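Scroll down for the structure; my scribbles are underneath it.
The values are calculated or read from the model by the stated rules, or taken from the named source; none is laboratory data. Bear in mind the structure is a predicted one, so any value in this text is a computation, not a measurement. No Cβ is skipped: glycine too gets one built from the backbone with ideal geometry, and neighbour counts run over all protein chains shown. Accessible surface areas use protein heavy atoms only, side chains included; no ligands, DNA or RNA. Shrake-Rupley method; radii C 1.70, N 1.55, O 1.52, S 1.80 Å.
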Amino acid sequence: MKKVLVLGAGQLARMMDLAGSPLNMDVKAFDVRTNKVVHPLAPELIYGDLTDGINNADVITAEFEHVAHDTLAQCEASGKLLPSSQAIKIGGDRRLEKALLENCQVANAKHVIIDSKADFDKAIAALNLPIIFKSALEGYDGKGQWRLKSAEQAEQIWQEMYDFIAQSQASVPQGIVAEQMVPFERELSLVGARSTTGEIAVYPLTENHHTNGILSVSLAAPVCQSLQTQAHKVFTKLTEKLDYVGILAIEFFQVGEQLLVNEIAPRVHNSGHWTQQGTDTCQFENHLRAICGLPLGNTELNRPTAMINIIGEDSVPTDVLATPSVTMHWYEKEKRAGRKMGHINISGNTQAELAQRLNAVAQLLDPKAFPEVAHFAAQYQENQN
Ligand code: AMP
């Protein structure tokens with residue numbers, strides 16, 4: 001039995017445990033808020049502190065990239081951490097991420113790194129409006145971001161960013177990345193795995209829709225082969241450069257026929273949750289296979305699948321389950337506004353069937369809790385007709 005310790009005790013560790021059980025894997029989670037190792041499905045069961053967790057594990061991995069650097073160092077010193085602390089840190093710092101993309105000559109939005117007011121002025125001169133400013137650290141789900149649409153807003157935005165940097169509690173200095181806003185057609189992501197032997201398996205590109213900066217719907221359906229090939233090449237370049245092991249997610253902006261990398265996540269990813277029903281081997285199992293030195297599982301799309309995130313709600317009408325090929329995944333979290341509480345996966349044998357089922361589910365969901373889902377579903381169905 002392989003023993004895996006996950007840094008972080010949220011839904012991603014939980015779903016790794018659920019995927020690892022049939023493979024006879026023992027998954028534990030390190031809760032960074034309490035500094036305790038817990039059972040991913042029953043956090044009241046405690047198995048000691050970080051040192052105990054490291055000693056008891058065969059392999060250590062992470063479910064989020066904002067892990068304290070001293071924790072990463074302690075794990076890496078054991079020789080058990082996969083992916084490496086370098087890869088995890090890159091995913092947690094947009095400055096390092098941009099440096100990696102430049103280093104690998106991977107297309108991304110034009111940008112300027114900001115540490116001072118002089119850099120801020122330089123960014124405004126170098127980039128065209130609108131510009132998006134993103135905190136280098138601790139940014140996720142659209143948090144720590146400012147959009148400059150007209151020059152008059154500059155002073156106010158600088159002041160807000162300055163205050164944000166001053167309040168940072170991060171263990172490394174906070175900074176800002178200014179980025180040219182890209183007039184993209186679609187947001188896509190590629191989730192893939194690289195094993196300890198360098199084997200690579202990627203899932204099909206996924207189309208993502210956000211509401212208030214949070215992923216609301218993902219759609220996995222057959223995509224244009226040239227985009228898939230482009231994304232696969234980027235995945236290979238980045239993972240080989242980092243000698244990466246595990247699942248890595250790459251978020252893209254599609255501009256015409258070109259993909260620009262927005263960001264990378266060195267972990268299983270929300271936009272890959274559909275793989276639980278749309279493929280033979282879900283991203284959670286493939287992550288475990290990769291870090292445990294096992295062959296990777298099939299990542300082909302078996303049938304078109306969509307995922308709806310349940311955000312800030314602890315129940316949805318149970319009639320949703322009456323639609324064929326619908327599965328619910330709850331995370332057993334306490335209800336809080338904006339919190340990811342669960343997700344719904346919906347599959348169809350064809351895109352037309354998926355569209356019809358997606359609409360049936362969307363009709364049952366409260367539009368206040370699921371804004372834009374019904375609109376997305378209706379548009380998707382229209383495109384099928
Ligand atoms: P991020 O946290 O970098 O994923 O940004 C959150 C959201 O802001 C993205 O999903 C996009 O919708 C939007 N966004 C971020 N960067 C850009 C950009 N350079 N151009 C246009 N939209 C962007």
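A few comments on the model shown:
- Amide H contacts under 5 Å for residue 293, placed H, 5+ residues apart: 196
- Under the convention that each Lys and Arg Cβ holds +1 and each Asp and Glu Cβ holds -1, the size of the dipole of the range 100-221 around its Cα centre is about 140 debye.
- In the full protein context, the chain carries 43 Å² of accessible surface per residue, based on a 1.4 Å probe and ignoring ligands, DNA and RNA.
- Gain upon complete extension [residue 51, residue 105; 0.36 nm per residue less C-alpha separation]: 15.5 nm
- Dipole magnitude for the range 2-81: computed about the Cα centre from +1 point charges on Lys and Arg Cβ and -1 point charges on Asp and Glu Cβ, it is near 160 debye.
- Each peptide in 216-229, 323-336 receives the mean, over its residues, of other Cβ atoms within 10 Å, and ordering these scores from highest gives 216-229, 323-336.
- Positive contributions from Lys and Arg (+1) and negative ones from Asp and Glu (-1), summed over other residues with Cβ under 15 Å from the Cβ of residue 200, come out at +1.
- If you take the Cα centroid of the range 241-286 and the Cα centroid of the range 140-170, the two points sit 28 Å apart.
- The chain, helix-only ellipticity at 222 nm - DSSP H runs n ≥ 4, -39,500 (n - 2.57), divided by all residues, nearest 500: -9500 deg cm²/dmol
- For the range 208-232 versus the range 287-351, the gap between their alpha-carbon centres in whole angstrom: 16
- Heavy atoms of residue 31 accessible to a 1.4 Å probe, total area in Å² rounded to 10: 20
- Carbon plus sulfur fraction of accessible area for the range 2-81, probe 1.4 Å, in percent: 50
- Taking Cβ atoms as reference points and 12 Å as the exclusive limit, the residues near residue 65 contribute a net charge of -2, counting Lys and Arg as +1 and Asp and Glu as -1.
- Since only 290, 361, 315 are under comparison, the one whose Cα sits farthest along the positive direction of the charge dipole of the range 242-385, derived from C-beta charges on Lys, Arg, Asp and Glu, is 315.
- Positive-end residue of 173, 159, 129, charge dipole of the range 110-180 with Cβ unit charges: 129
- For the chain: rounded, prolate or oblate by the Cα gyration tensor [a/c cutoff 1.5]: rounded
- Heavy-atom accessible area order for 47, 244, 162, largest first, 1.4 Å probe: 162, 47, 244
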